[in-house]
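Step one of this worksheet: look at the structure below.
The values are calculated or read from the model by the stated rules, or taken from the named source; none is laboratory data. Note that the coordinates shown come from a computational prediction; the quantities given were computed from them, not determined experimentally. We place every Cβ from the backbone using ideal geometry, glycine too, and count neighbours over all the protein chains shown.
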Amino acid sequence: MRSESLQFLERLINTPSPSGHEARGQRVWLDYVTPFADETFTDAYGNAVAVLNKGGSPRVMLAAHADEISMVVHFINDQGFIYVQKLGGVDAAITKAQRVVIHTKDGPVKGVVGNVAPHLTRGDTERKVPKMEDLFIDIGVNSKRAAERLVRIGDPITLTDPFELLRNDLAIARAFDNRVGTFAVAEALRLAHGTKSRLKAEVLAVSNVMEEVGLLGARQIAYALKPDVALVVDVTHATDYPTVNQLQHGDVKMGHGPALTHGVCNHPEVVARLETVARTQKIKLQHEAASNTTGPTRM
């Protein structure tokens, strides 16, 4: 990967973008794609669009969502502990004991999600899977009044898990779902810009908002842009690790290429053309079948 692209990916991943609060991440994305576009713009809700070869045909939209799953301040008790609701599909079981950042109008406030020590629960007859209402955050104060000086109801919360490289080009971070998709769209635009003299299609690169809470941004921008065809990029689940059921979830391996989703709203002709391009360019593909809904359509 180009060093500039890797630096962009790291900055994009590390910029918090909870659902409904994507503005900072969208700014990072727009700053990167602007040199590769004829024009860029955002709509009233924050969907970001970069246009290449305006007026070309067909009109092709490349889209991915900018928002990440997160939490939001819901209640502050008399001791200053903060209770939360989820924004998107947060798993309460793996959120306990995690460090977090509460994003306020005055700047970030650090905290940690509370967790009862195991040796204090030995007398329990059964270990219960926590629910969101069981989670509480300690920000280091001892009263509701002190907490309210720092945070307010509705402030979004993200985990503190920055981008890091492990080995063999494997990276870890929070919010790969789906900043890595918006990264892929931006890189596709950059590569298309390099072939602009041969480009016939109009390319609409889109980083859309509020996917994790109902696909809201994607619906808005699709109706506004009215593309002839849309290729939507999102994460999927690798199944090449212990305990996952491949009979139920399919066979998707890390490092074996992108997964192409077949079925439901994925138009068979579009899927077939993507397979042809992959063969021509010698790009390895993996395959998934969808029987009902994929959330955002993954191609």
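All conditions in (1) under 28 Å from N47 (Cα atoms); (2) assigned to a loop (DSSP other than H, G, I, E, B); (3) of a type in the set (V, I, T) hold for V244, with the sole exception of (1). In segment 140-154, of all residues being hydrophobic (A, V, I, L, M, F, W, C) and outside any loop (DSSP other than H, G, I, E, B), the one that is surrounded by the most Cβ atoms within 10 Å (Cβ to Cβ) corresponds to A147.
Filtering segment 193-226 to residues that are buried (at least 20 other Cβ atoms within 10 Å of the Cβ) and either among the aromatic types (F, W, Y) or closer than 14 Å to R59 by Cβ (or both) leaves E202, V203, L204, A205, V206, I221. Might you let me know whether segment 141-163 holds any residue that is touching a helix residue (DSSP H, G or I) at 6+ places or on another chain (Cβ under 7 Å) and closer than 24 Å to S207 by Cα? Yes, that holds for at least one residue. When V109, V90 are checked against the criterion of being within 18 Å of A175 (Cα to Cα) and crowded, with 17+ Cβ neighbours inside 10 Å, a single residue qualifies: V90.
Residue count for segment 117-137, restricted to those that are surrounded by fewer than 16 Cβ atoms within 10 Å (Cβ to Cβ) and either within 21 Å of G107 (Cβ to Cβ) or aliphatic (A, V, I, L, M) (or both): 4. Kindly provide the set of residues from segment 211-234 that are free of Cβ contacts under 8 Å to residues at least 60 places away in the same chain and closer than 17 Å to N178 by Cα, ordered by number. G214, R219 - these are the residues of segment 211-234 that are free of Cβ contacts under 8 Å to residues at least 60 places away in the same chain and closer than 17 Å to N178 by Cα. When each of Q79, Q98, Q26 is tested for being in contact (Cβ under 8 Å) with a residue 60 or more places away in the chain, farther than 26 Å from T236 by Cα, out of contact with any helix residue (DSSP H, G or I) (no Cβ under 6 Å at 6 or more places or on another chain) and among the polar types (S, T, N, Q), the lone residue that passes is Q79.
Taking segment 121-139, which residues are modelled with pLDDT of 95 or more and either assigned to a loop (DSSP other than H, G, I, E, B) or among the hydrophobic types (A, V, I, L, M, F, W, C) (or both)? Explain how you work it out, then say what you get.
Narrowing segment 121-139 to residues modelled with pLDDT of 95 or more: 136-139.
F136, I137, I139, listed by residue number.
Quick one: is K282 surrounded by fewer than 15 Cβ atoms within 10 Å (Cβ to Cβ), among the basic types (K, R) and touching a residue at least 24 places away in the same chain (Cβ under 8 Å)? It is false that K282 is surrounded by fewer than 15 Cβ atoms within 10 Å (Cβ to Cβ), among the basic types (K, R) and touching a residue at least 24 places away in the same chain (Cβ under 8 Å).
Enumerate the pairs (first residue in segment 257-271 and without any contact (Cβ under 8 Å) to a residue 40 or more places away in the chain; second residue anywhere and part of a helix (DSSP H, G or I) and among the acidic types (D, E)) with beta-carbon separation below 8 Å, excluding pairs fewer than 6 apart on the same chain, so at least 6 apart or on different chains. Listed pairs, sorted by first residue: L260/E275. Looking across segment 238-279, just one residue is at pLDDT 95 or above, closer than 19 Å to G181 by Cβ and surrounded by fewer than 12 Cβ atoms within 10 Å (Cβ to Cβ), and that is V277. Checked against the criteria, G181 does not count as surrounded by 12 or more Cβ atoms within 10 Å (Cβ to Cβ), assigned by TED's automatic domain parsing to the domain that holds L62 and at pLDDT below 95.
When you look at E4, is it touching a strand residue (DSSP E or B) at 6+ places or on another chain (Cβ under 6 Å), at negative phi and among the acidic types (D, E), yes or no? Considered against the rule, which asks whether it is touching a strand residue (DSSP E or B) at 6+ places or on another chain (Cβ under 6 Å), at negative phi and among the acidic types (D, E), E4 comes out as no.
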